[in-house]
Structures are given as structure tokens and as C-alpha cells.
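Engineer: This structure is in C-alpha cells; I'll ask about it shortly.
The values are calculated or read from the model by the stated rules, or taken from the named source; none is laboratory data. All of these numbers come straight from a predicted model, not from anything done at the bench. Counting neighbours? That spans all protein chains shown, and the Cβs are built from the backbone with ideal geometry, glycine included. Just the protein is used for accessible areas: all its heavy atoms, side chains included, with ligands, DNA and RNA removed. Shrake-Rupley method; radii C 1.70, N 1.55, O 1.52, S 1.80 Å.
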Amino acid sequence: MPGRAAGARRAEILRAAAELFAARGFHGVSIDDLGRAVGTSGPALYRHFPGKEALLGAMLLDVSERLAADGERRATAFADDPRRALEELLRGHIEFALTEPALITVHDRELDNVPDPHRRRIRRLQRGYVERWVGVLARLRPGTDAPTLRAAVHAAFGLLNSTPHSADELPAESMTPLLLAMGTAALLAEDDV
């Protein structure tokens with residue numbers, strides 16, 4: 001049980017840090033601010049993370065690992081149906097974007113503050129996640145070169161990851177089908193317009 005309690009406490013710290021970093025920026029948040037957000041002192045956080053940079057690295061590594069694993073699971077489950085695999089990849093990313101907008105904001109603004117070994121691993125996971133999407137999309141757009149497909153995937157991520165700016169406007173049950181339709185249209189659009 002102690003391991004599970006420590007894991008839950010670690011997750012609580014990461015969630016609180018994501019909210020604070022999204023609201024005030026990495027450099028605008030002190031270790032004492034982080035401690036207060038979870039009901040402890042700042043120095044007590046050193047039991048879980050060696051420093052603020054390590055906490056940020058753990059946060060972004062965790063989300064990158066979760067997205068990569070979820071993308072692999074969804075694409076593999078529908079390997080024989082690329083259209084359904086694409087829909088599932090979109091649904092997974094939309095769910096992430098709507099439930100964890102603070103992580104999107106933190107990643108966009110703060111990745112350069114992650115210590116180098118973690119940053120390289122995060123980028124490697126992200127490249128793998130993109131390539132998972134490119135592999136599915138290549139089956140739906142045969143004859144389209146990989147750089148074009150990769151650009152389409154990144155553009156779709158830009159669309160989906162804009163939710164921190166718009167998600168409060170509509171409830172998730174309205175936002176999800178809107179983003180699904182827009183993401184599908186963006187990814188399957190012909191590039192000779």
C-alpha cells in the first residue's frame with residue numbers, strides 16, 4: 001500500500017504543477033508554490049522529485065509515454081481497418097486534449113526547460129507517436145509522401161491542441177464531434193487544392 005500512496009501523491013503533485021505552470025509559467029512558480037498547492041511545504045516535494053526541472057521532466061515524460069502507449073494500442077486494435085484506426089487515434093488525442101489542457105500548454109511553452117536526457121526521450125516518444133499516425137494515414141492516402149503526411153499530422157495536432165484556448169466555450173459532448181470531424185477532414189484533405 002505505501003507504494004500506491006506514494007504513486008497517488010506523485011500524480012497529485014504532477015497535476016497541481018501542470019495547472020500552476022500553465023497559469024504562471026515554469027519560472028513563475030516556486031517550489032514553495034508547488035508545495036502549498038498540494039498542502040505541504042516546498043522542501044517536502046524533494047522526497048518525490050529532486051527539483052523543479054525534474055518535476056517538469058517527469059510530467060512531460062509521463063504524458064508522452066501515455067500518448068505513445070494509447071496511440072499504439074488504438075492503432076494496433078484496428079490494424080486491419082485504417083479508417084477506424086484513424087478515428088480511434090483522433091478520439092484518443094481529443095480525449096487527452098479536452099481533459100488535460102494544462103499539459104498541452106506546459107508542453108508548448110516549457111519543453112526547453114526539461115533537462116536534456118529527459119527532453120531527448122520525450123522528443124523520441126513524440127516522434128514515435130507521430131509516426132504511428134503517419135503509418136495509419138499512409139494506408140488511407142496511398143501515394144502521398146511521408147513528409148506531406150507528417151506535415152498533415154502536425155497540422156492536425158495544432159488543431160486538436162488548440163483546445164486550451166477554446167474548450168471552455170463548448171461542453172465536451174459538443175467539442176468532441178466537432179474536433180473529430182475537423183481532424184478527419186484535415187488529415188484526409190488532398191494536398192493539391
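Engineer: Could you do me a favour and compute the accessible area per residue for the chain, 1.4 Å probe, result in Å²? Write out the running numbers ahead of the final one.
Structural biologist: Details: 10180 Å² over 193 residues.
With all protein chains present, the chain gives 53 Å² per residue.
Engineer: So for segment 107-193, Kirkwood radius off the Cα pairs, Stokes-Einstein at 20 °C and 1.002 mPa s: how many µm² s⁻¹?
Structural biologist: Values: Rh = 14.7 Å.
This corresponds to a translational diffusion coefficient of 146 µm²/s.
Engineer: Please give the contour-minus-distance gain from residue 168 to residue 112: 0.36 nm per residue of separation, less the Cα-Cα distance, rounded to one decimal in nm.
Structural biologist: Numbers: separation 56, 0.36 × 56 = 20.16 nm, distance 2.76 nm.
Taking 0.36 nm per residue and subtracting the Cα distance, the gain is 17.4 nm.
Engineer: Mind checking which of 38, 60, 50 is farthest towards the positive end of segment 29-84's charge dipole, using Cβ charges of +1 (Lys, Arg) and -1 (Asp, Glu) about the Cα centre?
Structural biologist: 38
Engineer: Provide the FRET efficiency to the nearest 0.05 for the residue 46-residue 66 pair, computing r from the beta carbons and using R0 = 22 Å. Mind showing how you got there, number by number?
Structural biologist: Working: r = 25 Å, r/R0 = 1.13.
After rounding, the FRET efficiency stands at 0.30.
Engineer: I need the phi-derived Karplus couplings for segment 113-124: 6.51 cos²θ - 1.76 cosθ + 1.60, θ = phi - 60°, integer Hz, Gly and Pro marked x.
Structural biologist: Rounded to whole hertz, the list is 8, 7, x, 3, x, 5, 4, 4, 5, 4, 5, 5.
Engineer: Between 110, 87, 173, where does the largest GNM mean-square fluctuation fall for the chain, given springs only between Cα atoms within less than 10 Å?
Structural biologist: 173
Engineer: FRET efficiency for residue 146 and residue 79, Cβ-Cβ distance as r, R0 = 25 Å, nearest 0.05? Intermediate results must be reported in sequence, preceding the final value.
Structural biologist: Values: r = 19 Å, r/R0 = 0.75.
Once rounded, the FRET efficiency stands at 0.85.
Engineer: Related question: Say each of residue 182 and residue 121 gets a label point 7 Å from the Cα, pointing the same way as Cα to Cβ; how far apart are those two points in nm?
Structural biologist: Result: 3.4 nm between the two label points.
Engineer: What length, rounded to one decimal in nm, is gained on full extension from residue 12 through to residue 91, with 0.36 nm per residue of separation minus their alpha-carbon distance? List each step's numbers first, then the result.
Structural biologist: Values: separation 79, 0.36 × 79 = 28.44 nm, distance 2.53 nm.
In short, 25.9 nm is gained.
Engineer: Run the accessible area of segment 51-188 with a 1.4 Å probe and give the carbon-and-sulfur part as a rounded percent. Spell out each step's value before the answer.
Structural biologist: Working: 3580 of 6730 Å².
Reported share for carbon and sulfur atoms: 53 percent.
Engineer: Starting with the highest mean, order 24-36, 149-161 by the number of other Cβ atoms within 10 Å, averaged over the residues of each peptide.
Structural biologist: Values: 24-36: 15.2, 149-161: 17.3.
Packing proxy ranking, top to bottom: 149-161, 24-36.
Engineer: From the convex hull of the Cα coordinates of the chain, what is the mean projected area in square nanometres? Intermediate results must be reported in sequence, preceding the final value.
Structural biologist: On the way: hull surface 50.4 nm².
Its average projected convex-hull area is 12.6 nm².
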